[in-house]
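Comments concern the structure below.
The values are calculated or read from the model by the stated rules, or taken from the named source; none is laboratory data. Keep in mind it's a predicted model, so treat the numbers as computed, not measured. Glycine gets a Cβ as well: all are built from the backbone with ideal geometry, and neighbour counts include every protein chain shown. Surface accessibility is based on the protein's heavy atoms, side chains included, excluding ligands, DNA and RNA. Shrake-Rupley method; radii C 1.70, N 1.55, O 1.52, S 1.80 Å.
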Amino acid sequence: MPDPCVPFDQATMTESPFLTLHELVKKARQKLNHDNWDYLVGGAETETTVRRNRLALDSIAFRPRVLRDVSRTDVSTKFLGRALRLPVVLAPVGGLEHFAPEAGGAAVKAAEEFGIAHMLSSVCEPGLEAVAQAAPEAVRIYQLYVHGDAGWVDSMAGRAIAAGYAAFCLTVDTAFYSRRERDLAKRNIRRDNVPGREFQARLAWSDVARLKAKFAIPLIVKGIATAEDAELALEHGVDVIYVSNHGGRQLDHGRGAMDILPEVVAAVRGRAPVIIDGGFNRGTDIVKALAAGSDLVGLGRMQCVGLAADGRAGLVRLLEILEHEVRTCLGLLGVNTWAELDSSYLHPAPPVDPGRTLGAFPLLTLEQKSFY
C-alpha cells in the first residue's frame with residue numbers, strides 16, 4: 001500500500017491500458033452479453049429508485065475552500081480497527097460469476113491487493129470458505145440472505161466466524177423479491193423459487209437481538225432507509241448501520257440513497273459507523289457521502305464493471321482511478337483529511353443529467369484511440 005501522505009500522480013498506478021472510468025465502463029459493455037448488461041444496470045419495475053440514486057448525488061454541488069496547504073492529502077481511513085487505503089467496501093453482489101470466472105474470489109483478491117474492505121454475498125460463488133482462503137489478509141465481511149430457520153442462520157454465522165470474517169451482515173430489504181422487468185421481459189429468470197426464501201419475509205428485530213446475544217462478531221444491518229429504523233437498529237445492538245435501497249433493485253419509487261443519509265446520520269449521532277451504497281460511481285460521489293456523514297461507501301455496479309472489463313486487474317485499476325479522483329477532489333476542496341470534511345462543503349444544486357444509471361459517464365460515446 002502506498003504512503004497515503006506521498007503526493008499522488010499517475011505514475012503510482014499499476015500498468016494498465018485504462019486511463020479513465022469511462023474506458024472501463026465501455027469495455028465492460030463490449031464484453032458482456034445483453035442479459036448480463038441489463039442485470040448490471042437495471043432495477044425494479046420502472047427503475048425510478050435507480051434514477052433517484054443518481055439524481056440525489058447529482059443534486060449536490062461542492063463549496064470549495066482555497067489557499068490551504070493540501071500537498072499531503074490522506075484519503076485512507078480505518079474500519080473495524082483495520083486500515084483501509086480508501087473509505088470503500090466492495091458491496092455484496094450476487095452472481096459475480098456473470099462478470100468474472102473467479103466471481104467472489106476475483107473481487108476479494110482485488111480488495112486485498114488494493115487495500116479496501118470486501119463484503120461477500122451469500123448468493124455469490126465460490127462460497128464463504130473459498131473466498132476467505134483466496135484472500136486471507138483482506139478485511140472480509142459476510143452478508144447473509146436469510147433462507148433458513150434460526151439454526152440455519154446460526155450455522156452460517158458460525159462458519160463466517162470460523163473463516164475469519166471481520167463482521168456479519170444481515171440484508172433486511174428483501175422480504176419479497178422484486179419484479180425486475182428488464183429480466184422478466186426477456187424471460188431471463190435468475191432467482192425464481194429459491195429454497196427458503198419465505199424465511200426472509202419472516203425476519204424481524206427479534207432475530208437481530210438473538211444474533212447479537214449469541215455471537216460476538218460485529219453485526220451490520222444492510223437496507224436501513226429511515227431514521228426510525230436506524231434508531232431501532234442501535235437499540236438492538238447493531239454495530240454498523242448500512243444505508244441502502246439495494247441499488248434501486250428492490251422497492252421501486254424509493255428515495256435516493258443520498259437523500260436518506262442525512263436523517264440516518266442525525267439519528268445515529270456518531271454511535272456507530274455508517275455505510276452507504278446506491279449509485280456511487282465516481283470519486284466525487286465518495287467525497288459527497290463522507291462529507292454528509294458516512295464512514296464507508298459501498299461499490300456494487302462499479303465492482304461489476306471492473307471485473308467485466310478485465311477481471312481482478314480491471315477492478316484494481318478502477319479502484320486506483322477512484323483513489324486519484326478522490327484525492328484530487330479533496331485537494332481542490334481545500335481538505336487534507338476526512339476529519340476536516342463536513343457538510344459545509346456541500347450545497348444543493350440542480351442536476352445536469354436526468355438521472356440515468358450511467359449518468360456519471362457522459363463521455364461513453366467519445367471517440368478514442370484503441371486502448372485494449
Legend entry - Beta bridges by DSSP in the chain, antiparallel share as percent, to the nearest 5: 20 percent
Inset, instruction - Go through 34, 272, 178 and say which Cα lies farthest out towards the positive end of the charge dipole of the chain; charges sit on Cβ, +1 for Lys and Arg, -1 for Asp and Glu. - result: 34
Legend entry - residue 125 paired with residue 33, simple spin-label distance in nm, labels 7 Å along Cα-to-beta-carbon: 1.4 nm
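Of the chain, which part is the longest with no GluC sites (Glu not before Pro) in a loop (DSSP not H, G, I, E, B) and with at most 12 other C-beta atoms within 10 angstrom? Walk me through the numbers before you get to the answer.
Details: sites that count: 15, 137, 367.
Within the chain, the longest run free of exposed GluC sites (Glu not before Pro) spans 138-366.
For region 27-65, run through the trypsin sites (Lys or Arg not before Pro) and keep only the ones in DSSP coil with at most 14 other Cβ atoms within 10 Å of their Cβ.
65
Roughly how large, in nm² to one decimal, is the mean projection of the convex hull of the alpha-carbon atoms in region 142-238?
Averaging across all directions leaves 7.1 nm² for the Cα convex hull.
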Legend entry - Positive-end extreme of charge dipole, the chain - chosen from 234, 341, 64 (charges on Cβ): 64
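Distance check, please: which entries in 31/222; 109/222; 27/109; 31/186 exceed 29 angstrom between their Cα atoms? Could the numbers behind the result be given before it?
Working: 31/222 31 Å; 109/222 23 Å; 27/109 21 Å; 31/186 19 Å.
Long pairs (Cα-Cα over 29 Å): 31/222.
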Inset, instruction - Starting from the Kirkwood radius over alpha-carbon pairs of region 32-87, derive D by Stokes-Einstein at 10 °C in a medium of 1.306 mPa s and give it in µm² s⁻¹. - result: 101 µm²/s
Inset, instruction - Take the Cα atoms of region 110-188, find their three principal axes, and give me the spread along each one in whole Å, biggest first. - result: 42, 34, 19
Legend entry - Per DSSP, loop trypsin sites (Lys or Arg not before Pro) in region 87-180 with at most 12 further Cβ within 10 Å: 179
Inset, instruction - Kindly identify region 224-372 as rounded, prolate or oblate by the Cα gyration tensor criterion: order the square roots of the eigenvalues as a ≥ b ≥ c, call it rounded if a/c is under 1.5, otherwise compare a/b with b/c, prolate if a/b is larger, else oblate. - result: prolate
Legend entry - Cβ-Cβ FRET estimate between residue 14 and residue 82, R0 fixed at 22 Å, reported to 0.05: 0.45
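Kyte-Doolittle cut-off -0.5, length cut-off 27 Å along the helix's own axis using Cα: show which whole DSSP H helices in the chain pass. Numbers along the way, then the final one.
On the way: long enough: 301-333 (33 Å, 0.57).
Span-like helices in the chain: 301-333.
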Inset, instruction - Could you work out which residue, out of 134, 230, 266, moves most in a Gaussian network model of the chain, that is, has the largest mean-square fluctuation with Cα springs under 10 Å? - result: 266
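Quick check on the chain: helices-only [θ] at 222 nm, where DSSP H runs of length 4 and up contribute -39,500 (n - 2.57) each and the sum goes over total residues. Nearest 500, please.
Values: 13 runs with 144 residues, N = 372.
Helices in the chain give a 222 nm mean residue ellipticity of -11500 deg cm²/dmol.
Ratio to report: Rg/Rh of the chain, with Cα atoms as the point set and Rh obtained by the Kirkwood method; give two decimals.
Expressed as Rg/Rh, it is 0.94.
What full-extension length gain, to one decimal in nm, is calculated for residue 347 and residue 227 as 0.36 nm per residue of separation minus the Cα-Cα distance?
On the way: separation 120, 0.36 × 120 = 43.20 nm, distance 2.19 nm.
Extra length from residue 347 to residue 227 when fully extended: 41.0 nm.
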Inset, instruction - Calculate the length of the line joining the C-alpha centroid of region 193-238 to that of region 112-134, in whole Å. - result: 22 Å
Legend entry - Segment residue 63-residue 201, extension gain: residue separation times 0.36 nm, minus the distance between their alpha carbons: 45.3 nm
Inset, instruction - Would you mind calculating the gained length between residue 184 and residue 356 on full extension (0.36 nm times residue separation, minus the Cα-Cα distance), in nm to one decimal? - result: 59.9 nm
Inset, instruction - Can you tell me what the convex hull of the Cα atoms of region 1-151 projects to on average, as an area in nm²? - result: 13.1 nm²
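So, with a 1.4 angstrom probe, what is the percent of accessible area on region 133-251 that is carbon and sulfur? Working shown, then result.
Working: 2960 of 5370 Å².
Using a 1.4 Å probe with all protein chains present, region 133-251 comes out at 55 percent carbon and sulfur.
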Inset, instruction - Please get the size of the charge dipole for region 57-115, origin at its Cα centre, with Cβ charges of +1 on Lys and Arg and -1 on Asp and Glu, quoted in debye to the nearest 20. - result: 460 debye
Legend entry - Accessible surface of region 299-362, 1.4 Å probe, proportion on carbon and sulfur as whole %: 61 percent
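Can you give the translational diffusion coefficient of region 71-209 in µm²/s, computed by Stokes-Einstein from the Kirkwood radius over Cα pairs at 4 °C and 1.567 mPa s?
Working: Rh = 16.4 Å.
After rounding, the answer is 79 µm²/s.
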Inset, instruction - Quick one: check the C-alpha center-to-center distance for region 258-293 versus region 303-372, whole angstrom. - result: 16 Å
Inset, instruction - State, to one decimal in nm, how far the label point of residue 209 lies from the label point of residue 332, with both points 7 Å from Cα in the Cβ direction. - result: 5.0 nm
